[in-house]
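Peer 1: Sharing a structure here in structure tokens format.
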Amino acid sequence: MSRLVDKLKQAERERSARDGDARRVQSEQDTRTVLQETEEIRARIETERDVERTHRARLAEDMRGIDLARERQSAEAELRRIAHSRAEAETKAARLVADRERAEAHALSEARARARRRRSSGRRADARAPGC
């Protein structure tokens with residue numbers, strides 16, 4: 001009987017050892033699984049961070065493009081104002097030149113008329129004067 005009890009105890013020890021080994025193996029597998037899941041989560045987090053950085057960079061680039069477009073529009077408006085002012089100044093200058101030419105032509109014609117009158121009045125005086 002003691003042999004049977006010894007065999008039973010031996011079998012129980014072996015079973016406990018196998019269960020312990022199985023538990024250790026299962027525990028190690030669980031640990032590996034947890035580590036793998038943790039690593040996957042970290043990789044996903046890093047990927048999301050990269051996507052977010054890329055998104056922020058694109059957003060910043062878009063904002064910069066919008067700012068440059070606004071600056072360009074502002075510069076174009078300023079150039080249009082300058083061109084309009086220049087056209088007005090050229091028109092005014094052309095009017096002044098035309099007015100000046102008219103005034104000079106008028107002054108020249110008046111001077112010629114005066115000169116003719118003087119000549120004709122001088123001829124009359126010569127014609128009246130006896131002894132010439």
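Peer 1: Just from its helices, what would the mean residue ellipticity at 222 nm be for the chain, if runs of 4 or more DSSP H residues each count -39500 (n - 2.57) and the sum is divided by every residue, rounded to the nearest 500 deg cm²/dmol?
Peer 2: Theoretical 222 nm ellipticity from helices: -37000 deg cm²/dmol.
Peer 1: Angle check, please: helix 2-128 long axis (alpha carbons) against the longest principal axis of the chain (alpha carbons), in degrees 0 to 90, nearest 10.
Peer 2: 0
Peer 1: Once you charge only the Cβ atoms, +1 for Lys and Arg and -1 for Asp and Glu, what is the size of the charge dipole of segment 7-126 about its Cα centre, to the nearest 20 debye?
Peer 2: Values: 32 positive and 26 negative charges, 381 e Å.
Using Cβ point charges on Lys, Arg, Asp and Glu, segment 7-126 gives about 1820 debye.
Peer 1: What do you get for Rg/Rh over the chain if you use C-alpha atoms and the Kirkwood form of Rh? Before the final figure, lay out the partial values.
Peer 2: Working: Rg = 56.1 Å, Rh = 27.4 Å.
My calculation puts Rg/Rh at 2.05.
Peer 1: With unit charges on the beta carbons (Lys and Arg positive, Asp and Glu negative) and the dipole taken about the Cα centre of the chain, which residue among SER27, LEU8, ALA77 sits farthest to the positive side?
Peer 2: Projecting each Cα onto the dipole axis, the largest value belongs to ALA77.
Bear in mind that the values in this text are calculations on the coordinates, not laboratory data. Keep in mind it's a predicted model, so treat the numbers as computed, not measured. When we count neighbours, we look across all protein chains shown, and the Cβ atoms used for this are built from the backbone with ideal geometry, even at glycine.
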